[in-house]
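Participant: Right, I'll just put the structure down here and ask away after.
The values are calculated or read from the model by the stated rules, or taken from the named source; none is laboratory data. These figures come from a predicted structure and were not determined experimentally. Using ideal geometry, Cβ is built from the backbone for each residue, glycine included, and neighbour counts are taken over all protein chains shown.
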Amino acid sequence: MLALLGALVWALNPPQPRLTPAPLHPLPRGCPKVSRAFVPANVTSVPDPPTDPLPESVKYRVLYRLNMEACSCGCVESLAACRVTQRDCQTSLRRAKEIVTASQAEAADAKK
């Protein structure tokens, strides 16, 4: 009876493979390779590109995207966290500037 119960429990929850995505680009120098899963952050202000001078509607949209998108440099942090902890990372800086520009354009289009 106990063996049957054990088989039933295993059938309901079989072992899951632990898969991790391959890096999209080789790691740049200075970015540490970390073996952990991406977890979104909740950074409320990014110094570069500065988010504080943005209008509130654009600022919140930008911060949401920066916190939810993983940096592709290999640090396994969100773009916002990478901008705060690794100020010299050009990968996160480039992508953050793209997000700010796109969000400002979307806000301008919405006002029209």
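Participant: For the range 89-112, name all the residues that are farther than 23 Å from PRO55 by Cβ and either of a type in the set (Ser, Thr, Tyr) or part of a loop (DSSP other than H, G, I, E, B) (or both).
Facilitator: Within the range 89-112, CYS89, THR91 meet the criteria.
Participant: Determine whether SER92 is crowded, with 18+ Cβ neighbours inside 10 Å and in contact (Cβ under 8 Å) with a residue 12 or more places away in the chain. Let's see the steps before the verdict.
Facilitator: Working: crowded, with 18+ Cβ neighbours inside 10 Å: yes; in contact (Cβ under 8 Å) with a residue 12 or more places away in the chain: yes.
So SER92 passes the test.
Participant: Just to verify a result, which residue in the range 95-108, among those that are under 24 Å from ARG29 (Cα atoms) and among the hydrophobic types (A, V, I, L, M, F, W, C), is surrounded by the fewest Cβ atoms within 10 Å (Cβ to Cβ)?
Facilitator: Residues of the range 95-108 under 24 Å from ARG29 (Cα atoms): 95-99.
Adding the requirement that they be among the hydrophobic types (A, V, I, L, M, F, W, C) leaves 96, 99.
Details: ALA96: 24, ILE99: 20.
The residue in question is ILE99.
Participant: Looking at the range 70-85, can you tell me whether even one residue there is farther than 20 Å from PHE38 by Cα, free of Cβ contacts under 8 Å to residues at least 24 places away in the same chain and not aliphatic (A, V, I, L, M)?
Facilitator: Going through the range 70-85, the residues farther than 20 Å from PHE38 by Cα turn out to be none.
The answer is no, given that none of the residues of the range 70-85 is farther than 20 Å from PHE38 by Cα, free of Cβ contacts under 8 Å to residues at least 24 places away in the same chain and not aliphatic (A, V, I, L, M).
Participant: Considering only the range 72-92, state which residues are in contact with a Lys or Arg (Cβ under 7 Å, 6 or more places away or on another chain) and closer than 12 Å to VAL46 by Cβ.
Facilitator: LEU79, SER92
Participant: Identify, please: which residue in the range 8-67 is among the β-branched types (Val, Ile, Thr) and modelled with pLDDT under 85 and is, among those, surrounded by the most Cβ atoms within 10 Å (Cβ to Cβ)? Even if it seems obvious, please write down each step before you answer.
Facilitator: Keep residues of the range 8-67 that are among the β-branched types (Val, Ile, Thr), which gives 9, 20, 34, 39, 43-44, 46, 51, 58, 62.
From what's left, modelled with pLDDT under 85: 9, 20, 34, 39, 51.
Numbers: VAL9: 9, THR20: 10, VAL34: 10, VAL39: 10, THR51: 22.
Residue satisfying both the conditions and the ranking: THR51.
Participant: Cβ-Cβ under 8 Å, sequence separation 6+ or interchain: first residue in the range 48-69 and farther than 13 Å from ILE99 by Cβ, partner of a type in the set (Ser, Thr, Tyr). Which pairs?
Facilitator: Matching pairs, first to second residue: ASP52/SER45.
Participant: Now for a separate question. Quickly run through the range 74-88 and pick out the residues that are in a loop (DSSP other than H, G, I, E, B), buried (at least 23 other Cβ atoms within 10 Å of the Cβ) and among the hydrophobic types (A, V, I, L, M, F, W, C).
Facilitator: First, the residues of the range 74-88 that are in a loop (DSSP other than H, G, I, E, B): 74-77, 86-88.
With the extra rule that they be buried (at least 23 other Cβ atoms within 10 Å of the Cβ), the set shrinks to 75, 77.
Within the range 74-88, just CYS75 meets the criteria.
Participant: Answer yes or no: is there a residue in the range 56-67 that is within 19 Å of VAL39 (Cα to Cα) and in contact with a strand residue (DSSP E or B) (Cβ under 9 Å, 6 or more places away or on another chain).
Facilitator: Scanning the range 56-67, I find at least one residue that is within 19 Å of VAL39 (Cα to Cα) and in contact with a strand residue (DSSP E or B) (Cβ under 9 Å, 6 or more places away or on another chain), so the answer is yes.
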